[in-house]
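Enquirer: Take a look at this one; I'll ask things after.
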Amino acid sequence: MSTHRITNAIRIRAGQTPEKEHSTPLFLTSSFCYDDAEEMRAVFADEKEGNIYSRFSNPSVQEFVDRLAALEGAETGFATASGMSSIVATFLTFLKKGDHLLVCNAIFGSTHTIITKYLPKYGIEYTYVNTDPSTWDAAIRPTTRMVFLETPTNPGLEIVDLAAAGAVARKHNLLFNVDNCFATPIGQTPIDFGADLVVHSATKWLDGQGRVLGGAVLGRKELIKDVYLFCRSTGPSLSPFNAWVLSRSLETLDVRMERHSSNALYLAQALENHPAIASLRYPFLPSHPQHAIAKKQMKNGGGIFCFDLKGGLEAGRKFLDNLRMLSLTANLGDTRSIASHPASTTHAKLTPEERAAVNITPGLIRISVGLEHRDDILSDIKKGLAS
């Protein structure tokens, strides 16, 4: 296992060069000009580095990519318009008709829709497996090309052992593709555990203020070149403005995640034995089923915790309706704390059986912990629980 050290200089200054302004300019342009015909020819022929068109590359976008790649310990990356476009790009770049995808069953609702509704239209087959890599061998076929997972999972916070998953992928020569949205590179770096590709919804913690959409794919140069060529033609490019915002956000990611994580741990400890809660999950609580794995591969427990209300669906709705400070929205990873009810929102399109298989109960509440004072967040959650 190779590891890399993230210094404060990398967090704040990655992607900048000495000749740039103190704050990198925003390049709001669709295309780029050349001094002469020969320079234009050489750039188009890939004989000389240069920008052609902002659907392909842009200095503002490249700075964001370079910074995020440095944090993840990746050679390079490609930025996309959203987290979902980054996931779809990895699927359609590396999978073709007749190929088989192995995927953990605990995934984001929109990812589930892509896999079950759209990939089969292109002749790409899939098999869902649980979050224990020791059980995966039986599901792997001769046509299996990729394993995809997220950890911690959304919204049930199951932890997949990245080292074990990487070992399975190497054993069967599979591309190992990890959604690192919940943990961020401050919490874990999947490449250190053998991941070939790491995808992000930059909309969440990477931005951290609910302002812009964005996504990214990180990995080795030869893999990202294929992703780039796919995205160059199909067009799910990140806008220069969004990239500029996200690049600024990465400068404070570590200090923000420190506060998000410490707040989340405090709240999880305070609420774990609340009489209205049947069970509560947070990766760094000793009661979490995969606590030991989380401590092994994560640097902090992240900014999300979830709990199952004893009153089920109706209790979940009453809880949300009685909150006064927490926001009710589909987003997460904001400076402001957010409460959501996955069974009726983000995972509503799953069948009751599919939700049960990934521990999404009717009364499950997901809390994205913000940067407010922890006692103010706790007070508001207790108001909701009092209902």
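The values are calculated or read from the model by the stated rules, or taken from the named source; none is laboratory data. Here the structure is a predicted model, which means the values were calculated and not measured. We place every Cβ from the backbone using ideal geometry, glycine too, and count neighbours over all the protein chains shown.
Enquirer: Pairs only if they're at least six apart or on different chains, beta carbon under 8 angstrom, first in the range 240-268 and at pLDDT 95 or above, second among the basic types (Lys, Arg) and surrounded by fewer than 18 Cβ atoms within 10 Å (Cβ to Cβ); list them, first residue then second.
Expert: Matching pairs, first to second residue: VAL245/ARG211.
Enquirer: Mind counting the residues in the range 124-139 that are within 21 Å of the chain's Cα centre (by Cα) and among the aliphatic types (A, V, I, L, M)?
Expert: Total satisfying the criteria: 1.
Enquirer: From the list ILE377, ILE365, ILE360, ILE304, exactly one residue is modelled with pLDDT under 90, crowded, with 20+ Cβ neighbours inside 10 Å and of a type outside the set (D, E, K, R). Which is it? Explain how you work it out, then say what you get.
Expert: Values: ILE377 fails: modelled with pLDDT under 90; ILE365 fails: modelled with pLDDT under 90; ILE304 fails: modelled with pLDDT under 90.
Unique residue meeting the criteria: ILE360.
Enquirer: Oh, and also: Going by what's in this entry, would LEU223 be described as part of a helix (DSSP H, G or I), under 23 Å from PRO25 (Cβ atoms), not β-branched (Val, Ile, Thr) and not assigned by TED's automatic domain parsing to the domain that holds THR361?
Expert: Numbers: part of a helix (DSSP H, G or I): yes; under 23 Å from PRO25 (Cβ atoms): no; not β-branched (Val, Ile, Thr): yes; not assigned by TED's automatic domain parsing to the domain that holds THR361: yes.
When the stated conditions are applied, LEU223 does not pass them.
Enquirer: Something else now. When both residues are 6+ apart or on different chains and their Cβ atoms are under 6 Å apart, which pairs have a first residue that lies in the range 309-334 and is surrounded by fewer than 16 Cβ atoms within 10 Å (Cβ to Cβ), and a second that is assigned to a helix (DSSP H, G or I) and of a type in the set (A, V, I, L, M)?
Expert: Here the result reads LEU328/LEU320, each pair linking the range 309-334 to a residue that is assigned to a helix (DSSP H, G or I) and of a type in the set (A, V, I, L, M).
Enquirer: Name the single residue, out of those in the range 318-347 being within 19 Å of PRO152 (Cβ to Cβ) and in a strand (DSSP E or B), that is modelled with the lowest pLDDT. I'd like the intermediate steps shown before the answer.
Expert: Taking the range 318-347 and keeping what is within 19 Å of PRO152 (Cβ to Cβ), we get 330-334, 337-343, 345-347.
Then keep just the ones that are in a strand (DSSP E or B); that gives 338-340.
Details: ILE338: 98, ALA339: 97, SER340: 94.
Step by step, filter the range 318-347, then rank; the result is SER340.
Enquirer: Test THR143 against the criterion of being over 14 Å from ALA294 (Cβ atoms) and in contact with a His (Cβ under 7 Å, 6 or more places away or on another chain), and give yes or no. Show your work before the answer.
Expert: Details: over 14 Å from ALA294 (Cβ atoms): yes; in contact with a His (Cβ under 7 Å, 6 or more places away or on another chain): yes.
Spelling it out, THR143 is indeed over 14 Å from ALA294 (Cβ atoms) and in contact with a His (Cβ under 7 Å, 6 or more places away or on another chain).
Enquirer: For the range 260-276, does any single residue satisfy the condition of being part of a loop (DSSP other than H, G, I, E, B), out of contact with any strand residue (DSSP E or B) (no Cβ under 6 Å at 6 or more places or on another chain) and buried (at least 20 other Cβ atoms within 10 Å of the Cβ)?
Expert: Scanning the range 260-276, I find no residue that is part of a loop (DSSP other than H, G, I, E, B), out of contact with any strand residue (DSSP E or B) (no Cβ under 6 Å at 6 or more places or on another chain) and buried (at least 20 other Cβ atoms within 10 Å of the Cβ), so the answer is no.
Enquirer: Among (1) β-branched (Val, Ile, Thr); (2) surrounded by 15 or more Cβ atoms within 10 Å (Cβ to Cβ); (3) in a helix (DSSP H, G or I), which single condition is VAL255 missing?
Expert: (2) is the only condition that VAL255 fails.
Enquirer: Within the range 348-374, how many residues are β-branched (Val, Ile, Thr), closer than 20 Å to ILE338 by Cβ and assigned to a loop (DSSP other than H, G, I, E, B)?
Expert: Restricting attention to the range 348-374, the residues satisfying the condition of being β-branched (Val, Ile, Thr) are 351, 358, 360-361, 365, 367, 369.
Filter again for closer than 20 Å to ILE338 by Cβ, leaving 360-361, 365, 367, 369.
If we keep only those that are assigned to a loop (DSSP other than H, G, I, E, B) too, we end up with 360-361, 369.
Going through the range 348-374 one residue at a time, the tally reaches 3.
Enquirer: To continue, here is another question. Check off (1) assigned to a helix (DSSP H, G or I); (2) modelled with pLDDT under 95; (3) buried (at least 23 other Cβ atoms within 10 Å of the Cβ) for ALA106 and give me the number that stays unchecked.
Expert: The number of the failed condition is (1).
Enquirer: Next question, about the same structure. Based on what the data block shows, is ALA74 under 16 Å from the mean Cα position of the chain (by Cα), among the small types (Gly, Ala, Ser), assigned by TED's automatic domain parsing to the domain that holds LEU175 and not in a loop (DSSP other than H, G, I, E, B)?
Expert: On the way: under 16 Å from the mean Cα position of the chain (by Cα): yes; among the small types (Gly, Ala, Ser): yes; assigned by TED's automatic domain parsing to the domain that holds LEU175: yes; not in a loop (DSSP other than H, G, I, E, B): no.
It is false that ALA74 is under 16 Å from the mean Cα position of the chain (by Cα), among the small types (Gly, Ala, Ser), assigned by TED's automatic domain parsing to the domain that holds LEU175 and not in a loop (DSSP other than H, G, I, E, B).
Enquirer: Please find, among ALA165, ALA195, the residue that is small (Gly, Ala, Ser), buried (at least 22 other Cβ atoms within 10 Å of the Cβ) and under 16 Å from the mean Cα position of the chain (by Cα).
Expert: Unique residue meeting the criteria: ALA195.
Enquirer: Also: Of the residues in the range 166-194, how many are outside any helix (DSSP H, G or I), hydrophobic (A, V, I, L, M, F, W, C) and either over 21 Å from LEU68 (Cα atoms) or in contact (Cβ under 8 Å) with a residue 40 or more places away in the chain (or both)? Before the answer, list the steps.
Expert: Just the residues of the range 166-194 that are outside any helix (DSSP H, G or I), to begin with: 172-183, 188-189, 194.
Restricting the remaining residues to those that are hydrophobic (A, V, I, L, M, F, W, C) gives 174-176, 178, 181-183.
Checking the rest, the ones that are also either over 21 Å from LEU68 (Cα atoms) or in contact (Cβ under 8 Å) with a residue 40 or more places away in the chain (or both) come to 174-175, 181-183.
The number of residues fulfilling the criteria is 5.
Enquirer: Take the residues in the range 97-119 that are over 24 Å from the mean Cα position of the chain (by Cα) and not acidic (Asp, Glu), then tell me which one is farthest from ARG170 (Cα to Cα).
Expert: First, the residues of the range 97-119 that are over 24 Å from the mean Cα position of the chain (by Cα): 97-99.
Filter once more, so that each one left must be not acidic (Asp, Glu): 97-98.
On the way: LYS97: 23, GLY98: 21 Å.
It comes out as LYS97.
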